[in-house]
Amino acid sequence: MSLNLPFLNKLNLPDGVSHPTWVVLDLTGPYPERSPTQPIQALLSRTESLEALRARVDALGNAEWLHGVLVRVSEFTAAPATAHAIRGLLRRLSEKKRTVAFLPQLTMTALIAASGAKEIVAPESADVMLTGFAVEPTFMGEFLKKHGIEFENLRIKEYKAALTRFSEDRMDDHNREQLQAYLDSAETAWVRDLAEARGVGEDVARGWLDADFTSARAMKDAGLLDKVAYEDELVGPGTRPLQAVVDLLAAQFGKAGGKKDRIAVVPVIGTIVPGKSKHNPLPLPLLGGPMAGSDTVVGALKRAKDDKHTKAIVVYVNSGGGSALASDLMWREIETSDKPVVVVMGEYAASGGYYLAAGADHIVASPYTLTGSIGVVSGKPVMEKFNERHGLRPEGVGRASALKFTTSRAFTDEEREHMQRGIAEVYDRFTTRVAEGRGLSKERVNEIGRGRIWSGADALDLGLVDELGDLHTGVQRAAELAGLPLDAPTWTAAPKGHGPLPEFVQEVRDAAQVSVWPFGQERVLTWLDRDLKVR
């Protein structure tokens, strides 16, 4: 095929080469989910998001002039679930093009992503960090007490650890048990991914975790790598970076016009709160990062349900939950949909993030997803001693029950009993939603609930999810449920009248509206502390 396009002369190709034969695709950073809603904007976006990467990989796969893609994985900080989604993207690309992954840093998550390529290569000097998975939450209970601050922590049930790092000075046995089980499952998923990719048995791949490799050459000898080489040994004169050919790739969009029936994608990202979605860039406990507002998510779902061309809905959840009220409102909008709804779980879909998923027709999770945490928590900081030390003297006037959530004193026995009854009612409602949505008895839901977290792989065995996969998998299942072709177009649904402000202006405006307590007037939470990071 000969391309006679005016911008090709900007590529400085060698004589006799009419178009690039290889493209270098960089994978770097954490790969958040958000990206512009239009496909060409996603392709051209400077933000390294998962959605933008998907658009680029699809374009590369459909480029008839392209022979291969060198995937350069450097400073890759994505979570295991995101790495697994990228693995799926590269596997699909590998079906169309020769793919070679180049890894200067040989980490657990970089290898998950790279295992989607046909070949994995590293330089002789590569940093080898094949360490397995671990977590290290910091418990602040003793620190806070030394400064006159204690923390009321009311929870259902024993595995619900959302507030324990504030109330306790060490990890309890139940929390340690569930974290170790999750990490064991994540390592098993890693073993299966790498064993499949490298064509070896799982016992061999598990041995790689215990081998204590120190060099790329040792990993190559063990079968983890195909080759030890530097990048300049992998590229030829017809190789160009992705940025150099983006115009050529963008020219492909619009070729598949004419399709009207489509699938809506509704994102639920960050802490679930009442009201509108917000984003706070400050890295603070409870307050930092994106917040999925019930008004925004419900509005997006309503718009998707009302859109006559939308035949199915995919809800992408990357959330540890939050407000019990907001989670229930989202659940209701999903559960009452007359169009098929598929939930796809990202890094987290726990507590309230699982609550809303229970109303879907089909649930897809990554094997690395942290889900479950079917439980309820409430509490507050108690600053009575802090106030005494610093001469602060709150004076309440009026009905004492109206000051139940004041930080100047602990709950009274009557208030604590009232709160316990309230969270028990929410837990009963939560388990009922799950039992009805998943076809399980409430007794069984309580057995696997009690606030306990599960990996996506374990959740599949327990009946909490239907399938392991990623967003691509979820879109295909939605298409099948709606009777659409598997390549049906998708669009990102947002509430009507979302506003004329550019996204970054809206985020600055919304960040200014975040209060000290992000859950509004509600104190009953279906929330998992997302400070838990797998390393």
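Could you please find all residues in region 251-283 being modelled with pLDDT under 85 and either buried (at least 19 other Cβ atoms within 10 Å of the Cβ) or over 25 Å from Q476 (Cα atoms) (or both)?
If the condition is that a residue be modelled with pLDDT under 85 and either buried (at least 19 other Cβ atoms within 10 Å of the Cβ) or over 25 Å from Q476 (Cα atoms) (or both), then A251, K278, H279, N280, P281, L282, P283 are the ones that fit.
For region 444-471, which residues satisfy the criterion of being part of a loop (DSSP other than H, G, I, E, B) and within 17 Å of Y182 (Cβ to Cβ)?
G449, R450, G451, R452, L464, V465
May I ask you to list pairs of residues, at least six apart or on different chains, whose Cβ atoms are under 7 Å apart, with the first in region 293-306 being closer than 9 Å to E333 by Cα and the second being acidic (D, E)?
Partner pairs satisfying both residue conditions: V298/E333; L301/E333; K302/E333.
Of the residues F405, F411, only one is surrounded by 16 or more Cβ atoms within 10 Å (Cβ to Cβ) and either modelled with pLDDT of 95 or more or closer than 23 Å to L144 by Cβ (or both); which?
F411
Only one of G398, G372 is at positive phi and either among the β-branched types (V, I, T) or at pLDDT below 95 (or both). Can you tell me which?
On the way: G372 fails: either among the β-branched types (V, I, T) or at pLDDT below 95 (or both).
Only one candidate qualifies: G398.
Taking the criterion of being small (G, A, S), under 26 Å from K227 (Cβ atoms) and at pLDDT 90 or above, would at least one residue in region 50-66 satisfy it?
yes
Applying the selection to region 49-68, what residues are of a type in the set (A, V, I, L, M), in a helix (DSSP H, G or I) and either within 19 Å of G238 (Cβ to Cβ) or over 25 Å from the mean Cα position of the chain (by Cα) (or both)?
A59, L60
Here is a check on your reading of the model: is R477 at pLDDT 75 or above, crowded, with 17+ Cβ neighbours inside 10 Å and not in a helix (DSSP H, G or I)?
Judged against the criteria, R477 is not a match.
Which ones in region 177-195 are free of Cβ contacts under 8 Å to residues at least 12 places away in the same chain and either small (G, A, S) or crowded, with 21+ Cβ neighbours inside 10 Å (or both)?
A195
Sort out which residues of region 463-497 are in contact with a Phe, Trp or Tyr (Cβ under 8 Å, 6 or more places away or on another chain) and either without any contact (Cβ under 8 Å) to a residue 60 or more places away in the chain or over 21 Å from A162 (Cβ atoms) (or both), and write them in order of number.
L471, G474
When you look at L163, is it farther than 30 Å from D226 by Cα and crowded, with 19+ Cβ neighbours inside 10 Å, yes or no?
Values: farther than 30 Å from D226 by Cα: yes; crowded, with 19+ Cβ neighbours inside 10 Å: yes.
It is true that L163 is farther than 30 Å from D226 by Cα and crowded, with 19+ Cβ neighbours inside 10 Å.
The values are calculated or read from the model by the stated rules, or taken from the named source; none is laboratory data. Fair warning: this is a prediction, and the values are worked out from it, not measured in the lab. When we count neighbours, we look across all protein chains shown, and the Cβ atoms used for this are built from the backbone with ideal geometry, even at glycine.
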